[in-house]
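To start, the structure itself, in structure tokens.
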Amino acid sequence: MENEKKIKTPFMERPIIRSIMPFAGFIFIVLLFAVLTKGQLYSMGSLKLLLSQSYVLLISCVGVFMVMTMGGLDFSQGSMLGICSVVVCYLSNYNIVLAILCGVLTGGIIGFINGFFNVKRKITSFIVTICNMYLIRGIVAYATTKTPVYGASNITSYNTLAVNLTFTIAILLIAFAVFQYTGLGNRLKAIGAGETAARFAGVRVEKTKMLVYAAAGMITGLAAFINSIKVGSVTSTAGNQLETQIMIALVLGGMPVNGGAKVKFYNIILGAMTYKILIAGLVMLGIEPKTQQLIMGIVFLVMVAVFADRETGMIVK
């Protein structure tokens, strides 16, 4: 009788290790900067500032989280935030509710365009969203060439802890409920694991992908409202590097870059807060921006290596 050979799973790829690592990393970073900054990072003023800088990232991560769950990428989020902020600020001079609705609609249209070229024209999400990133960034630059686009004189009055926190928590709770209890999460995970198998399972892949891209854009429109009430105006740099921040945050939260069954909703919150604490700590320590980028690049590379799902392969849809 032949002895069966047992295939050993590498230590870093064991499910329990993969689940624990994001939480362990978060705790390590919290404790590390508590020591290095002598507790200053967690003073009341610093925590309030840290929270105020996290709202836009938390909201924006929701849409990209859904796109990445089904195996796609979205690099147009930063530019999308910029153009949606232009719409919100401009229309806030007439009516704030109209401004929010049009900002959401603008994001939805751009997201729908991303989905159309990805689904109907069979162009990978990476290429589509990169192209849209540059296209929309050019539109934002053109709209703000002579002067920033200013919001209504009282738009910053909405920038309160109550408004920001309530708005952000409401979006996260709604997104969690939809992802966890409506079956959408399972459909997105199925698409991320394999589109062909998902079709055989009865998932309407094309329709789902189109709706998710549009929804991701609409969520970014909501993030643009928070961004607008915070700064009160929009310049050509609005949303710069947001797409990179989102990617790093989600991966720090333990999300596989290629999506699939191992995705968890807590990846959003855990990743965003880990990223913000890491950046705030580096800034407080006086680390130069170029050194910060080097550190973040190394961290990102390590986390991608750990959380890439090698069973499905690194395939971007």
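Observations
- Among helices (runs of 4 or more DSSP H) entirely within region 168-243, having at least 1 residues that are touching a residue at least 60 places away in the same chain (Cβ under 8 Å), under 16 Å from the mean Cα position of the chain (by Cα) and within 17 Å of Val140 (Cβ to Cβ) singles out 205-231.
- Met284 meets the conditions (1) surrounded by fewer than 18 Cβ atoms within 10 Å (Cβ to Cβ); (2) touching a helix residue (DSSP H, G or I) at 6+ places or on another chain (Cβ under 7 Å); (3) within 15 Å of Pro22 (Cβ to Cβ) in every case but one. The failed one is (3).
- Residues located in region 209-228, provided they are buried (at least 20 other Cβ atoms within 10 Å of the Cβ) and not small (Gly, Ala, Ser): Lys209, Val212, Tyr213, Met218, Ile219, Thr220, Leu222, Phe225, Ile226, Asn227
- Qualifying position, being modelled with pLDDT of 95 or more, over 18 Å from the mean Cα position of the chain (by Cα) and at negative phi, among Leu57, Leu49, Leu101, Leu36: Leu101
- Residues of region 255-301 classified as of a type in the set (Gly, Ala, Ser) and part of a helix (DSSP H, G or I), total: 5
- Any hit, region 241-253, residues being at pLDDT below 90 and aliphatic (A, V, I, L, M): no
- Odd one out for Thr69, checked against (1) more than 14 Å from Ser233 (Cβ to Cβ); (2) among the hydroxyl-bearing types (Ser, Thr, Tyr); (3) more than 14 Å from the chain's Cα centre (by Cα); (4) surrounded by 24 or more Cβ atoms within 10 Å (Cβ to Cβ): (3)
The values are calculated or read from the model by the stated rules, or taken from the named source; none is laboratory data. Treat the numbers as computed from the prediction; the structure is a model and nothing was measured. Cβ atoms come from the backbone with ideal geometry, glycine included; neighbour counts cover every protein chain shown.
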